[in-house]
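Down below is the structure, laid out as structure tokens.
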Amino acid sequence: MKWYFKLLKYHFLLKEAFTINNFLGYKSIKSDLKDLNLKFKIAIIIIALLTLVLSFIDFNYFFNNSSSWFVISGAIANHTQVWKIVLLSLSGIASFTGIICIFLIAFGRLSNFFWGTINVIIYGLFAFAWGYIGAAQLNIFFFLPFQIIGWYHWQKRIGAGETEVKIREWRWYYVLVGAIIIGIIISVIFYFEIPWLSKLITGQYDYDNQLAPHLLDTLNTGLSIIAMLLMIGGLREQWIFWIFVNLTQIIMYSGITGFININMIILWTINLINAVVGLLRWYKVIL
């Protein structure tokens, strides 16, 4: 854990960060949402309602013979601990804030880090509670400090009187080649680390004898870290990696593990659409 604090200290003084105006973009929340196109405001409202429905209604019940169509009652029937049920009930907030975060990244708005912080904390705790150790460490140990680091760098790249971050346009082949190489290295490390940590904490790793899910699990972690680093740097190639992250997640929940999770497929499909919108906006195909 020490190296995380050293990383934060290397980028800036943590104490100073909390005294800087508009920490995590919280003062820009209202204006950033207000400035969105009407069609995107409508999309956010629809997605909010959909994520609320998905957090309480288990559509797997109608196809996979789940114990109950009501998510919480199903957890209660399985004698799940109360604190896990509480985190399960908050999963809708995690999904919604994550989707808003992606929307605002697509529009280069600083307040995405406020929503992103809420998302990674809730989802990280939820993933830990339910034994998704890879996702838990990705959100708590990587994405959470990345929110602060990202906010720090983005607020320096937004000029006075401006509301959008300046996009860096480096030579795409340098960015992609470098990112892919680093992503492969990170994925290889996590191929061994995630099962080890999962067994250490929970006593098991769900994909221990399943090569394809194991590879996708670690690839998703590597791609997510690379995509987040590119986002912090304001590089538009991030969206290519976010698209692949969403695709790997959709594949993971589409039966490759022996179980289809319809709720998760819907949520990751929404994220995939958002990533495509981000790609088109950052490449100035749409405004």
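The values are calculated or read from the model by the stated rules, or taken from the named source; none is laboratory data. Just so it is clear, the structure is predicted and the values come from calculations on it, not from any experiment. No Cβ is skipped: glycine too gets one built from the backbone with ideal geometry, and neighbour counts run over all protein chains shown. These area figures cover heavy atoms from the full protein model, side chains too; ligands, DNA and RNA do not enter into them. Shrake-Rupley method; radii C 1.70, N 1.55, O 1.52, S 1.80 Å.
Quick notes
- Three-way shape call for the range 90-241 based on the alpha-carbon gyration tensor, with the a/c threshold at 1.5: oblate
- Taking all protein chains into account, the per residue accessible area for the chain stands at 52 Å² (1.4 Å probe).
- Span from the the range 143-167 Cα centroid across to the the range 226-240 one, whole angstrom: 13
- Under the convention that each Lys and Arg Cβ holds +1 and each Asp and Glu Cβ holds -1, the size of the dipole of the chain around its Cα centre is about 920 debye.
- Chymotrypsin sites (Phe, Trp or Tyr not before Pro) restricted to DSSP loop in the range 250-287 with at most 12 other C-beta within 10 Å: F259
- Over 32 Å between alpha carbons, listed pairs K41/K156; K30/K199; K84/K284; K34/K284: K30/K199; K84/K284
- Carbon-plus-sulfur accessible fraction, the range 243-283 (probe radius 1.4 Å, protein heavy atoms only): 78%.
- Sites count as exposed loop sites when they are trypsin sites (Lys or Arg not before Pro), lie in a DSSP loop, and have at most 11 other Cβ atoms within 10 angstrom; the longest stretch of the chain without one is 1-170.
- The longest stretch of the chain left intact once loop-based GluC sites (Glu not before Pro) with at most 14 other Cβ atoms within 10 Å are removed from consideration, loops following DSSP, is 1-161.
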